[in-house]
Amino acid sequence: MRSTAAKCESSKPAPLQGHPTIMRDPEFQDRPELPLHIKGEEGKPRLLFWQRMSRGMEVVIYLLLLLAVLKIFGPELDRQAELKAEATRLTQIQADKEEQVARLRQEHRLLKTDKEYLESIARDRLNLQREGEYVIRLQREEEE
């Protein structure tokens, strides 16, 4: 039996000086059917579950931030729209009042300077008429 052991030892090649002996794991099984992910060959390696989850959480966080901004500034935007509508309404009222002021100034000027106009307005408002004159009243739609 010793001779066999000696025989096995003699059949091993002697290690080279300066190089360590390379030993192989006896339980190692090479599986060439599994894909190798080498950077640069097939693009990015597959993302791990937690990496995907963290990217998903980033999207969720950004959406929540956007909703928070809308929640905070939404009422202010609505208020701004209401104020613009109010400003438009007040501008229209101002234009109507300026038109009314212009009409009243013209009437005031005519009452001060035009005697015939003053007489016709006085007879109209006081329901007076001259002798031999017939007054026919027409009502406008605006006055009704």
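Hey, any hits in the range 120-141 for a residue that's modelled with pLDDT under 95 and within 50 Å of the chain's Cα centre (by Cα)?
Yes, the conditions are met somewhere in the range 120-141.
On the given criteria, is Leu111 at pLDDT below 95, out of contact with any Asp or Glu (no Cβ under 9 Å at 6 or more places or on another chain), surrounded by 11 or more Cβ atoms within 10 Å (Cβ to Cβ) and part of a helix (DSSP H, G or I)?
Answer is yes for this residue.
Please state which of the following conditions Phe28 fails to meet, knowing it meets all the rest: (1) modelled with pLDDT of 75 or more; (2) assigned to a helix (DSSP H, G or I); (3) not aliphatic (A, V, I, L, M).
In the conditions (1) modelled with pLDDT of 75 or more; (2) assigned to a helix (DSSP H, G or I); (3) not aliphatic (A, V, I, L, M), Phe28 misses (2) alone.
Yes or no: Leu90 surrounded by 10 or more Cβ atoms within 10 Å (Cβ to Cβ), in a helix (DSSP H, G or I) and in contact with a Phe, Trp or Tyr (Cβ under 7 Å, 6 or more places away or on another chain)?
No, not satisfied.
Residues checked against (1) touching a strand residue (DSSP E or B) at 6+ places or on another chain (Cβ under 7 Å); (2) of a type in the set (S, T, N, Q); (3) in a loop (DSSP other than H, G, I, E, B):
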{"residue": "Gln51", "(1), (2), (3)": "no, yes, no"}
{"residue": "Ile72", "(1), (2), (3)": "no, no, no"}
{"residue": "Gln94", "(1), (2), (3)": "no, yes, no"}
{"residue": "Ser120", "(1), (2), (3)": "no, yes, no"}
{"residue": "Arg125", "(1), (2), (3)": "no, no, no"}
{"residue": "Tyr134", "(1), (2), (3)": "no, no, yes"}
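The values are calculated or read from the model by the stated rules, or taken from the named source; none is laboratory data. Just so we're clear, the structure is a prediction, and the values are computed from it rather than from any experiment. Counting neighbours? That spans all protein chains shown, and the Cβs are built from the backbone with ideal geometry, glycine included.
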